[in-house]
Amino acid sequence: ACGASNDNKKENAGDTGKKDDETFTVAMITDIGGVDDKSFNQSAWEGIKEFGEENGLEQGTKGYDYLQSKSEADYKTNLNTAVKNDFDLIYGIGYALKESLEEIAEQRKDTHFAIVDELIEGKDNVVSINFKDHEGSFLVGVVAAMMTKTDKIGFVGGVEGEVINRFAGGFQAGVKAVNPDAELQIEFAGSFGDAGKGQSIAAAMYNSGVDIIFQAAGGTGNGVFTEAKNLKKKDPNKEVWVIGVDRDQAEEGNVEVDGETYNVTLTSNIKRIDIAVKDLAEKAKNGNYPGGEQLKYGLEENAVGLSSSQEHLPEDVLKAVEEWKEKILNGEVEVPEVPTKE
Amino acid sequence: MDCVIEMLNIRKEFPGIVANDNVTLQLKRGEIHALLGENGAGKSTLMNVLFGLYQPERGEILVNGKSVKITSPNIANDLGIGMVHQHFMLVDKFTVTENIILGKEPKKFGIIEKRKAAEDVRKISEKYGLKVDPYAKIQDISVGMQQRVEILKILYRGANILIFDEPTAALTPQEIKELGQIMEVLRKEGKSIILITHKLKEIMEMCDRVTVIRKGKGIGTVNVAETNPDELAKLMVGRDVIFTTKKGKANPLHNVLEIENLVVKDVRGIQAVRGLNLTVRAGEIVGIAGIDGNGQTELIEAITGLSKAVEGKIKLNGKEIQNKKPRKITEAGIGHIPQDRHKHGLVLDFPIGENIVLQTYYQQPYSKRGILNDQAIYKHANKLIKEFDVRTASEYALARSLSGGNQQKAIIAREVDRNPDLLIAAQPTRGLDVGAIEFIHNRLIEQRDNGKAVLLISFELDEILDVSDRIAVIYEGEIVAIVDPKSTNDQELGLLMAGSKRKETGEASNV
Amino acid sequence: MSNRLINVMIPIIAIILGLLCGAIMMLVSGYNPVSGYSALWNGAMGDAFYFGETIRQMTPYIFAGLAVAFAFRTGLFNIGVEGQLLVGWVAAVWVGLSFDLPKVIHLPFAIIVAAIVGAAWGFLPGLLKARLRVHEVIVTIMMNYIALHTTNYLVRNVLSDQKDTTPRVSESATLKSPLLEQLTDYSSLHYGIFLALVAAVMMWFIIEKSTLGYELRSVGFNQHASQYAGMSVSKNIILSMVISGAFAGIGGAMEALGTFGYAFQHATFSGIGFDGIAVALLGANTAIGVILAAFLFGGLKVGALNMPLESGVPNELVDIVIALIIFFIASSYMVKWLIGRFKKGVK
Amino acid sequence: MDLTTTLAIIVSSSLIMAAPLIFTALGGVFSERSGIVNIGLEGLMVIGAFTAIIFNLTFASSLGNATPWIALLIAMVIGGLFALIHALASITFQANQVVSGVAINFLALGLSLFLVKKLYGKGQTDMIQQNFGKVDIPVLHKIPVVGDIFFSNTSYPAFIAIFTAFVVWFIIFKTPFGLRLRSVGEHPMAADTMGINVTKMRYIGVILSGVFGGLGGAVYAQAITLDFSHSTITGQGFMALAAMIFGKWHPLGAMGAALFFGFAQSLSIVGSSIPLLKSVPPVILLIAPYALTILALAGFIGRADSPKELGNPYIKGKR
Ligand SMILES: Nc1ncnc2c1ncn2[C@@H]1O[C@H](COP(=O)(O)OP(=O)(O)OP(=O)(O)O)[C@@H](O)[C@H]1O
Ligand SMILES: Nc1ncnc2c1ncn2[C@@H]1O[C@H](COP(=O)(O)OP(=O)(O)OP(=O)(O)O)[C@@H](O)[C@H]1O
Ligand SMILES: [Mg+2]
Ligand SMILES: [Mg+2]
């Protein structure tokens, strides 16, 4: 680690000797979503916890930990704090941290970093972890296209941007691949934190006949779930579905109507950040830190795709999903990363 | 002795000032008792103590012979004490009825009974001859009617001890007369009244006894029948006061202000000034006599650039100034003592020093190239404070902390000191004590003697008659007569002001 | 005790009381206040790096605080600092990206454009207030949202090629200081702090020492009297909002050219504008007060980040402490009363 | 989509968005009519949302369908208690009311998130199962067209909010309490001399703002977000404040303004499915509600007269 952190102020931490030899420590810096965003920060943290537990580490500066960012200005401070605490591998979670991480990687050449959802090139001490979100989105697109009864499908994105576009693009391609007649409405809420807006958009979509919405909108997505559940509550026989994102969002879809439990989550397009994060940590621990490389996680790595909550999906749909997955894996189908505009 | 109220050896301190020091006041049943003193002598404070707004540091209050602690207006109300405050305590946006019933609302099922309330108000207003419109909003009614509302508020609560804090300061002569009659009615009903006023004439006419305080100290109580205005003034100020203002003959020179055919609309868009003509010459004081609401306010606003002149010309020293910006007009040589000192005269949250340079802050020596020179400002303020006898802790004290009279003195100091070619003085002595009035009148005359023009607007005929060299009577937005103060009297002016007798302006203008 | 001493004591006592309440909170909820606060201290002042970060965080706080304070002193409540800051931010990045000029021109140019754009964002509420008596509070709230969406749109569609982040501004427009960074162990401290201090002096000078400030204050206190005295009420209201907006705009430029060096799509508001309200109020709307309050806030905000890691205390505790400090300052009447009590007790 | 459906969506989402704003703005009316500025409405909503969600999560299993309604009551109580802090600071301690309001906002968010972390060990709660949902108002929704537009797929809180606005209007303008409340905001010294306890009335005003702000936050959380996190209440309190001023401190005006905000918001959302608005760039639709508000204020609402003594502490005997 760098010189400055040697004048260690953390005397209450007890042992201040070099710990590199004994334990391999990891930390992650969240984006402003926070560690329990029910989304990628949480997923990353789960991966790190798993890694830590498997390796007998404790949460804290001598094992594994996370640093929460409350605003964009905190990224650099947090990254530096992690560096100064001698973590052996430091993750920046989310594309928002790219610029900050790039800058700090330049300054702290001896520390190993990784960024999730972005690509940082030409730095030996940064590994980029990317997901082929579009591949997973394609598959849920296939699901939606086959399951819709109205031939109307919706997509609600948070703020238009590269990552969200991958979701939209893949989803659109998936829908079109199996059901070219289906109408797809793509909307962006302009925010990841406006549940009210998410609900209104969903209301408009469902009202216009859409029966399945894929949401990739963070907190705004809560509103989509709310609306679907409201409709279900009013009329349990009505077919309204939400496709979750990043994690298995089955729990968010639970709704109780007259003592009976329904679920509006059709399935989720998961993104196993935990797998990727843990995977890289293992590599680095064993001295195989692939500095400067870009690691892509997609269908092949089982890091994207449908969640295990598949009870709403009939056999033929699952079969079709398998087939399309195969086609993507063998290169027969190239999934686009941005939606096309009609 | 049948005393309803006895305030014994009251002492009340404010931070840095003793407002009342060993003051004693005894009010007999059924008497009208005057409380007299200079501005800032502590009259209002003493009454606020009686009304429970302030707690005295020392002293005792007896009501009907029983010692009481009046810790809130509620208690005062319960003891039958009511007060009409110097600054009206009325909610502008409420109706007359709402103001009167506030805190003691007739209600049914938790809802205010508006009808019954208005009916109640009408009943007492008839009983005491206090004419009001129960449904009018306070902001829309005249000051005189507001005063009647204040009195009704007290009567509605059944008070039998009434305190009037300078009720006549804001009233027109007619209204003052009416108030006198009302007080007479109240006295006949067995109520006792404490009246604060600076007008010795009113004391002599209306009151039975008078208690004098000077600089917070009780000087004593005298029977009105056994005294005269000169003695009272002397008691109050501590020296002899000359009443009728001494002034030499005016030497009018060239025309300073010429108004031709002026038309001004009021805020509601109605013509308030309708083709008004007026000339004020250097070296004279022209007094405008008139009942409130006959276009005086709009006339002043048009001259000073605050309202638009719809038609006509206003010339200052021969140059047209109508519809110019206020600053240009000020710079052209007009000074203005506004009628409402709190609203227009002062920035209450500024120190006196900064108030003194309110129109001149951008000129040397108070500032240079946009930078203020605090030293010059406060030095100047200090000088004026001394010169005009403004009683304040220092030039750094906020204007808010001064008594009304001293606030007015500060404004006058500022305006007179600028030595404008035309000085407009609107109600310059409202609410001031005789000493201060004398001082201000002398200042106005001094301006005149220095060859400046002075335009005086006042509702007080005595003041107009005393100070003016010519009197212009305004009625419904026009000057209906120009009279010579030496050859007229209250009666004639009163008639003219009421519009009953129109003189040809041409006939008198060569006076 | 003299008045002046009491005025100095009040913020100090308020801070102590705030921290004390925070400590009680920690105790009650099972955390160790000593380790909590030492983590806070270490994260704010612990070494050169954190000190640098504190000063860096202080920079936009000073500008936002000055913007709020300036308007406040002239009788206006500018809740729109957040929006003015965002547009200034994007404007500075735009200049930083679009021109190729020598540094002596480019950097000042970028800052001035940010000031102008921020001022323009303050102009509209000022104009509406002055001409139509529309309450500035609503208009500035609305302008915040308009700024947020507009700048996000610009970042994505104009300043970048459909990306969430713009490229970095060119070297000639940056406030970054390798020297300051090195001195502070690679914190992101930049030259902006000096500008912030200069701005504070300017605010003090304009408000207290200039005829302009005299007019602005006068109009703020009493529009009628100011109008009688020949001042233009409309002009002064607009001017006040414009100057306030310019301060905020420069605050945005500090983030644009210093802390970040680029602009990005904001998911929600940056929060600096709202924190600026607290900074201004804590600083009694005076220039020196704003500097001190910004320092305190900067330290607390930066230090808070270290609390969970080093002591396990949730960093929301710092928000609570900040809120309490603001309360105690606001309730200076109570503090004065306490001092009075204390004095009596001593006697 | 046909016109009725489009209108139905717009109306229904306007109402749902407006309900929390109406309640909170009414709270603001109480406080500000009594003369106390309350920019802490945002924080009061946060407290309401927090309380309701925590209560809902804890008691849903035992209280069933009644949970969200009881949670509203609890949120009102806690909101009122929280507002007491603002009352204490700004009335008793004569604090600058804006400062105190800002502190309320900081404190509410900090405290509730701190407690969420303490209680659940994470930064946001789970989702509640018992929420308000959407309903067809019995009988009324059967009216042709009108029923479809106004009374289908809507929520009870919205109608309660509108009804409450009328009740508040009645209280403020028809009862002795209302007269007294307004008098202390207009001219506290006059009220004092009439034997009205200015301090008491102002306390009541501020506490009621907490009660209603808490209610607004609770409605928002239980109708829209269904969980509590740092992003649950993000600016709705400020919108409610704006609605109150927009509505000129009048309960019905505030209600109208809140409905207008809801309407403008939903128009921007439904906009893309209206052919006429389809080609408009999304950013224009995003800023439309806010721009419309400014236009409305500038165009025909104009001057707003606040209670005269709004923001000034009442100090007995001060000139
Ligand atoms: N609330 C207060 N705080 C501080 N000083 C005060 C306060 N009220 C009055 N004073 C001071 O006490 C003194 C007496 O004031 P008071 O208002 O009683 O005078 P007054 O006799 O009524 O004068 P005026 O004729 O001008 O009305 C003045 O010096 C005044 O400045
Ligand atoms: N503490 C309170 N909380 C809520 N509302 C109150 C409170 N105190 C008074 N009110 C309201 O003010 C109104 C008048 O109350 P109050 O009890 O003061 O009247 P009152 O004593 O019957 O009238 P009066 O002053 O004429 O004797 C009541 O309708 C009530 O709604
Ligand atoms: Mg007095
Ligand atoms: Mg009672």
For segment B:304-361, the count of residues that are in contact (Cβ under 8 Å) with a residue 40 or more places away in the chain and either among the basic types (Lys, Arg) or outside the structural domain of residue B:412 (by TED's automatic domain parsing) (or both) equals 4
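For the condition in contact with a helix residue (DSSP H, G or I) (Cβ under 7 Å, 6 or more places away or on another chain) and within 13 Å of chain C (Cβ to nearest Cβ), what is the one hit in D:39, D:9, D:74, D:70?
Values: D:9 fails: within 13 Å of chain C (Cβ to nearest Cβ); D:74 fails: within 13 Å of chain C (Cβ to nearest Cβ); D:70 fails: within 13 Å of chain C (Cβ to nearest Cβ).
From the options D:39, D:9, D:74, D:70, the qualifying one is D:39.
Restricting attention to segment B:60-112, and to residues there that are acidic (Asp, Glu) and not in a loop (DSSP other than H, G, I, E, B), which single residue is nearest to ligand 3 (Cβ to nearest atom)?
Just the residues of segment B:60-112 that are acidic (Asp, Glu), to begin with: B:60, B:78, B:92, B:98, B:105.
Still in the list and also not in a loop (DSSP other than H, G, I, E, B): B:60, B:78, B:98.
Values: B:60: 23, B:78: 25, B:98: 27 Å.
Looking at the filtered set, the residue picked out is B:60.
Conditions (1) more than 13 Å from ligand 1 (Cβ to nearest atom); (2) in the same structural domain as residue B:198 (by TED's automatic domain parsing); (3) touching a strand residue (DSSP E or B) at 6+ places or on another chain (Cβ under 6 Å), marked per residue:
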residue	(1), (2), (3)
B:7	yes, yes, yes
B:10	no, yes, yes
B:23	no, yes, yes
B:33	yes, yes, yes
B:37	no, yes, yes
B:55	no, yes, no
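Give me a count of the residues in segment B:148-184 that are assigned to a helix (DSSP H, G or I) and more than 14 Å from chain D (Cβ to nearest Cβ). Before you say what the answer is, go through the steps one by one.
Initial filter on segment B:148-184 (assigned to a helix (DSSP H, G or I)): B:148-156, B:173-184.
Checking the rest, the ones that are also more than 14 Å from chain D (Cβ to nearest Cβ) come to B:148, B:173-184.
Total satisfying the criteria: 13.
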Apart from one, (1) open to solvent by less than 50 Å² (accessible area, probe 1.4 Å); (2) over 21 Å from residue B:33 (Cα atoms); (3) more than 16 Å from ligand 2 (Cβ to nearest atom); (4) not hydrophobic (A, V, I, L, M, F, W, C) all hold for residue B:126; the odd one out is (1)
Flagged in segment D:99-133 as more than 7 Å from every other protein chain (Cβ to nearest Cβ), closer than 17 Å to residue D:209 by Cα and at pLDDT below 90, in numbering order, are none
The condition of being of a type outside the set (Ser, Thr, Tyr), out of contact with any Gly (no Cβ under 7 Å at 6 or more places or on another chain) and within 16 Å of ligand 2 (Cβ to nearest atom) holds, among B:116, B:131, only for B:116
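Which helices (runs of 4 or more DSSP H) does segment C:183-255 wholly contain that include 2 or more residues that are within 10 Å of chain B (Cβ to nearest Cβ), open to solvent by less than 40 Å² (accessible area, probe 1.4 Å) and in contact (Cβ under 8 Å) with a residue 12 or more places away in the chain?
Working: elements: C:192-204, C:211-221, C:223-228, C:233-254.
By residue number, C:211-221.
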Looking at the structure I just gave you, is residue B:91 buried (at least 22 other Cβ atoms within 10 Å of the Cβ) and either at positive phi or more than 22 Å from the chain's Cα centre (by Cα) (or both)?
no
Condition set open to solvent by less than 20 Å² (accessible area, probe 1.4 Å), in a helix (DSSP H, G or I) and more than 26 Å from residue D:201 (Cβ to Cβ), scope segment B:129-147, selection nearest to ligand 4 (Cβ to nearest atom): answer is B:147
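Just checking, how many residues over segment A:136-161 are within 14 Å of chain C (Cβ to nearest Cβ) and open to solvent by less than 10 Å² (accessible area, probe 1.4 Å)? Even if it seems obvious, please write down each step before you answer.
Residues of segment A:136-161 that are within 14 Å of chain C (Cβ to nearest Cβ), as a first pass: A:157-161.
With the extra rule that they be open to solvent by less than 10 Å² (accessible area, probe 1.4 Å), the set shrinks to A:157-158, A:161.
Residues flagged as within 14 Å of chain C (Cβ to nearest Cβ) and open to solvent by less than 10 Å² (accessible area, probe 1.4 Å) within segment A:136-161 amount to 3.
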For helices (runs of 4 or more DSSP H) lying entirely in segment D:166-253, having 3 or more residues that are more than 16 Å from ligand 1 (Cβ to nearest atom) and touching a residue at least 12 places away in the same chain (Cβ under 8 Å) picks out D:176-186, D:198-220, D:236-246
Residue hits (segment D:15-46; open to solvent by 10 Å² or more (accessible area, probe 1.4 Å) and either touching an Asp or Glu at 6+ places or on another chain (Cβ under 9 Å) or part of a helix (DSSP H, G or I) (or both)) are D:15, D:16, D:17, D:21, D:33, D:42
Selection over segment B:341-354 where residues are more than 8 Å from chain C (Cβ to nearest Cβ) and either out of contact with any strand residue (DSSP E or B) (no Cβ under 9 Å at 6 or more places or on another chain) or small (Gly, Ala, Ser) (or both) yields a count of 3
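Every residue, every condition in (1) open to solvent by 20 Å² or more (accessible area, probe 1.4 Å); (2) in contact with a helix residue (DSSP H, G or I) (Cβ under 6 Å, 6 or more places away or on another chain); (3) charged (D, E, K, R); (4) not in a loop (DSSP other than H, G, I, E, B), yes or no:
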site: B:287; (1), (2), (3), (4): no, yes, no, yes
site: B:322; (1), (2), (3), (4): yes, no, no, no
site: B:331; (1), (2), (3), (4): yes, no, yes, yes
site: B:348; (1), (2), (3), (4): yes, yes, no, no
The condition of being within 27 Å of residue C:152 (Cα to Cα), open to solvent by less than 10 Å² (accessible area, probe 1.4 Å) and touching a strand residue (DSSP E or B) at 6+ places or on another chain (Cβ under 6 Å) holds, among A:164, A:129, only for A:129
Does residue C:126 meet the test of being under 15 Å from the mean Cα position of the chain (by Cα) and either more than 14 Å from every other protein chain (Cβ to nearest Cβ) or touching a residue at least 12 places away in the same chain (Cβ under 8 Å) (or both)? no
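Conditions (1) open to solvent by less than 40 Å² (accessible area, probe 1.4 Å); (2) hydrophobic (A, V, I, L, M, F, W, C); (3) within 16 Å of ligand 1 (Cβ to nearest atom); (4) at the interface with chain D (Cβ under 8 Å from one of its Cβ atoms), marked per residue:
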{"site": "B:40", "(1), (2), (3), (4)": "no, no, yes, no"}
{"site": "B:43", "(1), (2), (3), (4)": "yes, no, yes, no"}
{"site": "B:97", "(1), (2), (3), (4)": "yes, no, no, no"}
{"site": "B:114", "(1), (2), (3), (4)": "no, no, no, no"}
Here the residues within segment A:319-340 that are touching a strand residue (DSSP E or B) at 6+ places or on another chain (Cβ under 9 Å) and open to solvent by 40 Å² or more (accessible area, probe 1.4 Å) are A:325
Picked from segment B:99-112 (must be under 30 Å from residue B:197 (Cβ atoms) and within 11 Å of ligand 2 (Cβ to nearest atom)), the residue most open to solvent (accessible area, probe 1.4 Å) is B:104
Those residues of segment A:234-278 which are assigned to a helix (DSSP H, G or I) and either in contact (Cβ under 8 Å) with a residue 60 or more places away in the chain or buried (at least 22 other Cβ atoms within 10 Å of the Cβ) (or both) amount to A:252, A:253, A:273, A:274, A:275, A:276, A:277, A:278
Of those in segment D:177-213 that are within 13 Å of ligand 2 (Cβ to nearest atom) and of a type in the set (Ser, Thr, Tyr), the residue most open to solvent (accessible area, probe 1.4 Å) is D:199
Subset of segment D:154-176, residues within 14 Å of residue D:136 (Cα to Cα) and either open to solvent by 40 Å² or more (accessible area, probe 1.4 Å) or within 16 Å of ligand 4 (Cβ to nearest atom) (or both), comes to D:156, D:159
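The values are calculated or read from the model by the stated rules, or taken from the named source; none is laboratory data. All values reported here derive from a predicted model rather than from experimental measurement. We place every Cβ from the backbone using ideal geometry, glycine too, and count neighbours over all the protein chains shown. For the accessible areas, the whole protein counts, side chains as well, though only heavy atoms, and no ligand, DNA or RNA atoms are used. Shrake-Rupley method; radii C 1.70, N 1.55, O 1.52, S 1.80 Å.
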